[in-house]
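Following: one structure in C-alpha cells, then a few remarks.
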C-alpha cells in the first residue's frame, strides 16, 4: 500500500511494521516499548524494535547475532526460529523462542540488560516439545513456560515451571487449555490483570480462518474458562482489507490502558487473493468489560512517511534491515568480493 510522505493513516488498515514481520511480541519498560518478531531461516535472527508511542518504531538490533545463538544457513525455508515472546522483569529483558532445527533443544531462553544487545547464549529447554513458547512469572516468582504442544495425540496449550537460568524443568508439563474448538491452538501469551490471569492464543491457522481467543483463571496454572465473546479478534469471512489476523500480544500502557500487536496480511486481487508483503505487524486497542478484554480498532494513526531507502553497499556494515537465509549479510564471508 503506497504511503504519502509526511502523512498518516488509520492503524486499522496500515501496519506499524510493514513487510515480513510476523508473530509480534511486545513488552514495556517504563515509558519505552520493545517489540520482536519471528525470523525463521533468516540471519541475524529476531529483529528488536523500540517505540515510545506504539506506532513509530525504530529497529535497534537483532537478538540472535552469533553462531552459538543461531547457526546461520542450517535451516530450510519456513523453518528455523519461530514465534518469540519478549518480556521485561527486574531490570532484565527475557526472550524465549523455538528453533525447530536445533538439536540442543527447541525452546530457548535468552536474556539481556539492553534489548539492543548483546543477548546471552541460549538456555535450552530439552524436556519440552512444540512451538510458540511464552514466559510469565507467578506471584512467588516461579517462571512458567506456556507453549503449543502436539504430544500424546493432542494439540493444545501446555505449561511447565522452569528454571530460566539453567534450563531445568521443575515439573512435568500439563495441559491447560485446548482452545475453543478451532484448529491449531498456538501462540499463547499469559498475563496478570487484577485478580485474573488471562491466556490469549491464536486459533484457526495462519490463513483466512485466523482468530484470537482468550480465557481466564484465578491461577496462572488454570483451570481456564473461555470468554463468552470469543473470538475476540478476527476478520474471517469479511471484506476487511487486512486479513489472516491473529497471534496477538497485549501490553499495558503507563496510563493503565491496554493495546495489542498482532499479525495480518493485506491481500490484493481476485479470489483467492495474494499478498506479496507477507505477514505484517498491526496495532489494536484493548478495552475491558466485566474483566474480559475486547479488541477494537486502535484510535491512533500510523505515520506514513516515505519508506523508501538508499543503501551504500560499499559501506563496511549494512543497515539492520538486511538479513539473509544464509550467512548474515555483515559476515565478510557472505559479501561479494570487489573487483
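FYI, it's all coordinate maths here, none of it is from the lab. Remember, it's a predicted structure, so these values are computed and weren't measured experimentally. Please note: Cβ atoms are built from the backbone with ideal geometry, for glycine as well, and neighbour counts cover all protein chains shown.
The separation of region 250-297 from region 303-333, counted between C-alpha centres, amounts to 28 Å.
The order of 100, 46, 131, 176, going from fewest to most other C-beta atoms within 10 Å of their C-beta, is 100, 131, 176, 46.
Fewest-first ordering of 295, 103 by other beta carbons within 10 Å of each residue's beta carbon gives 103, 295. Mean sequence separation of contacting Cα pairs (under 8 Å, at least six apart), scaled by the length of region 8-334, corresponds to a relative contact order of 18 percent. As a rough footprinting exposure proxy, the listed residues 119, 175 were ranked by other beta carbons within 10 Å of their own, and the order from fewest upward is 175, 119.
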